[in-house]
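S.K.: The structure follows.
The values are calculated or read from the model by the stated rules, or taken from the named source; none is laboratory data. This one's a predicted model, so the numbers in the text were calculated from it and none came from an experiment. Neighbour counts run over all protein chains shown; Cβ positions are idealised from the backbone, glycine included.
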Amino acid sequence: MLLTRSIRRKMTFGLGVLFLTLGLLSVGGISGLSNYRRLVKELKLSIELTPRNADLIEAITRLIAPLSKEYLAEDQVETQRLAYQQQRRKIEKGLKNVEVITDRHFEKLERYFAKLSEGPHSLESLKQQQQSCFLLREKIQDLVFECNQNWEAWVDPGRHRQALALFLSNIAELTSYIKDLPEPAGEENMQPRLEDARREYRAYLWLVWVTSLSALGLFLFLAYFAYRSVVTPIRALHRGASRVAAGDFDYRINLNTNDEISELAAAFNHMTERFQSIADDLDRQVKQQTQQLVQSAKLAGVGFLAAGVAHEINNPLHAIATAAEGLEYRLLGLLSHADEQDAAIIREYLQMMQTESARCRNITEKLLDFARGKESERNQYDITAIIRDVVSMLQHVGKFRDRTIHFDVNDPHYAHVNGSEIKQVALNIIANAVEATKPGGDVSISIRETPDCVEVTCRDDGCGMTPDVLENLFEPFYTTKLSGKGTGLGLSISHRIIRDHDGVLEATSDGPGQGSAFRIRLPKKAQRTRAAA
Ligand code: ADP
């Protein structure tokens, strides 16, 4: 639909409506004005061109002006004759003027009738007017003729009165005839024109009203349209931007205008979604970092304590082991004379003292390593080779023979590490995985390389871990194994080693019985200068 495309189309539509409005107003205004102009012109023409009967009457009545000198003394006959002659000349001059005015009058009259015949007048009334007008012309000609006939009697003092009476009666008759004639520019002739003009004026007034109201309607529609398609969406965008700026990343702008503004709103919503996922990711990272910090602090505390204890008990343990060994050696000859059963028990106890103190020393060794965070030489090591070594070593351990370790990686993957430390970590993690599985269980190891890291994943289908175990996994001395079987130090030391390599050690599990996965991520290149231990 036209209204639901682009802003360009909407603007074109709006401009179209505006032009239509202007066009309507212009049509109304211009046609009204031109009609008014035509009317004025016609009225002016009517007034200017239409002959006026009054002009004729004036010219005719002016004929009697010279008669003021008519009543002179009766005894002065010659003087009278001279005066009558003078009157005659003046009247003759006046008659010429009447003739000129009559000619002009009838010229105008002809044009006037020609014009009227174009208009909506009844031909009958027009004919009547024309006839009475042409009769007037004859009457004027008669007057002139009769005057010319009577000039002799006029200048004769004996017949002057009679000629005068005839002259005056002719003039009176003529003027009364003219007065009875309809005035061409008079009210009755102008009335139809005025009526026409009024009718047209009313029609054009209506036209102007209708066009003005339509223009107003169109303009209001345009304003509403602009409000709906531009102002409202921009307000919605502004509201959305303010909400998102205030941190409300759940807010979405819903616009159905199907134009560039709704595209902008969609882009804005997309941006908000990205913000939301970035914020969630940051939250997760902060949580993770905080956990790691807390764990590091715990590790540091425990490590410090453990180092002191380990150092203190290392020497006594060494003394116990040496004493047990020496005692066994010394009793070697003596026990051959002793009761067989007692000799076996003594030998067993001495062995036990040696193995257990060796085990204790092993633990204290580990503790000291853990606490010291040994600085070690690093180089480019092939992680694939390290893992392969560990796997083949574990495959030969008798108690793990009934488990399968899958490792099909052959390509070398190099990382900047301390080889023996990483071997220790791999041994810890893979041994834990194998231990977590039941006989017949599977452990699979994969290696993946990203532009910056080498990633080793060890997955098993063993006992899995509860969220509680997952949370405490890397704590020193945390173990779920039976007492004496586990130290709870393997993963905490591994975590420490990986962290010292600027890597990441993560554990995941879908829950008890669902297996576990451990992921070691090691940077390919040295990340930073490590502080001395
Ligand atoms: P230890 O092995 O001596 O107990 P670790 O630090 O190596 O100490 O392991 C700590 C604990 O983590 C283990 O006791 C065990 O509960 C859990 N764990 C480690 N690896 C796995 C695994 N692959 N599956 C299930 N649990 C595991």
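S.K.: What about GLY464, is it in contact with a Lys or Arg (Cβ under 8 Å, 6 or more places away or on another chain) and surrounded by fewer than 21 Cβ atoms within 10 Å (Cβ to Cβ)?
M.R.: no
To keep it simple, each residue is scored yes or no on (1) farther than 22 Å from ALA65 by Cβ; (2) part of a helix (DSSP H, G or I); (3) at pLDDT below 75.
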position	(1), (2), (3)
ARG104	no, yes, no
LYS108	yes, yes, no
GLN129	yes, yes, yes
LEU143	no, yes, no
TRP154	no, yes, no
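S.K.: Is it true that LEU305 is surrounded by 12 or more Cβ atoms within 10 Å (Cβ to Cβ) and under 30 Å from PRO476 (Cβ atoms)?
M.R.: When the stated conditions are applied, LEU305 passes them.
S.K.: Where residues in region 433-446 are buried (at least 19 other Cβ atoms within 10 Å of the Cβ) and more than 9 Å from the ligand (Cβ to nearest atom), which of them is modelled with the lowest pLDDT?
M.R.: GLY441
S.K.: Show me the helices (runs of 4 or more DSSP H) entirely contained within region 160-268 in which 3 or more residues are among the hydroxyl-bearing types (Ser, Thr, Tyr) and surrounded by 14 or more Cβ atoms within 10 Å (Cβ to Cβ).
M.R.: So the answer is 187-226.
S.K.: Answer yes if at least one residue in region 389-400 is modelled with pLDDT under 85 and aromatic (Phe, Trp, Tyr), and no otherwise.
M.R.: Within region 389-400, one or more residues are modelled with pLDDT under 85 and aromatic (Phe, Trp, Tyr).
S.K.: Right, something else. When you go through ALA324, ALA338 one by one, which is the residue that is surrounded by 11 or more Cβ atoms within 10 Å (Cβ to Cβ) and either out of contact with any helix residue (DSSP H, G or I) (no Cβ under 7 Å at 6 or more places or on another chain) or in contact (Cβ under 8 Å) with a residue 40 or more places away in the chain (or both)?
M.R.: Criteria check complete, one pass: ALA338.
S.K.: To continue, here is another question. In region 498-506, is there at least one residue being closer than 21 Å to VAL390 by Cβ, small (Gly, Ala, Ser) and within 8 Å of the ligand (Cβ to nearest atom)?
M.R.: no
S.K.: Need pairs with beta-carbon distance below 7 Å; first residue free of Cβ contacts under 8 Å to residues at least 60 places away in the same chain and within region 470-483, second more than 6 Å from the ligand (Cβ to nearest atom) and hydrophobic (A, V, I, L, M, F, W, C); sequence gap 6+ or separate chains.
M.R.: Sorted first by the residue in region 470-483, then by its partner, the pairs are LEU470/ALA507; LEU473/ALA507.
S.K.: Is it true that PRO451 is more than 50 Å from the chain's Cα centre (by Cα), more than 12 Å from the ligand (Cβ to nearest atom) and in a loop (DSSP other than H, G, I, E, B)?
M.R.: no
S.K.: Please verify whether GLN288 is under 30 Å from ILE493 (Cα atoms) and modelled with pLDDT under 75, treating the condition exactly as stated.
M.R.: Against the criterion (under 30 Å from ILE493 (Cα atoms) and modelled with pLDDT under 75), GLN288 does not qualify.
S.K.: Still on this structure, I have one more. Evaluate the following for PHE400: is it within 26 Å of ASP461 (Cα to Cα), out of contact with any strand residue (DSSP E or B) (no Cβ under 8 Å at 6 or more places or on another chain) and surrounded by 12 or more Cβ atoms within 10 Å (Cβ to Cβ)?
M.R.: yes
S.K.: Check whether at least one residue in region 405-427 is part of a loop (DSSP other than H, G, I, E, B) and within 16 Å of the ligand (Cβ to nearest atom), and report yes or no.
M.R.: The answer is no; no qualifying residue exists.
S.K.: Among (1) assigned to a helix (DSSP H, G or I); (2) within 13 Å of the ligand (Cβ to nearest atom), there is one condition ARG388 misses while meeting the rest; what is its number?
M.R.: (2)
S.K.: A follow-up question, please. With the structure loaded, tell me whether ILE430 is more than 52 Å from the chain's Cα centre (by Cα) and more than 8 Å from the ligand (Cβ to nearest atom) or whether it fails that test.
M.R.: Considered against the rule, which asks whether it is more than 52 Å from the chain's Cα centre (by Cα) and more than 8 Å from the ligand (Cβ to nearest atom), ILE430 comes out as yes.
S.K.: Taking the stated definitions as given, is GLY486 within 6 Å of the ligand (Cβ to nearest atom), surrounded by fewer than 19 Cβ atoms within 10 Å (Cβ to Cβ) and among the small types (Gly, Ala, Ser)?
M.R.: The answer is yes for GLY486.
S.K.: When GLU42 is evaluated against the numbered criteria (1) surrounded by 15 or more Cβ atoms within 10 Å (Cβ to Cβ); (2) at pLDDT 80 or above, which criterion, by number, is the only one it fails?
M.R.: Here GLU42 clears every test but (2).
S.K.: Mind listing just one residue for me: the one in region 459-476 that is under 16 Å from ARG403 (Cα atoms) and more than 8 Å from the ligand (Cβ to nearest atom) and, of those, nearest to the chain's Cα centre (by Cα)?
M.R.: ARG459
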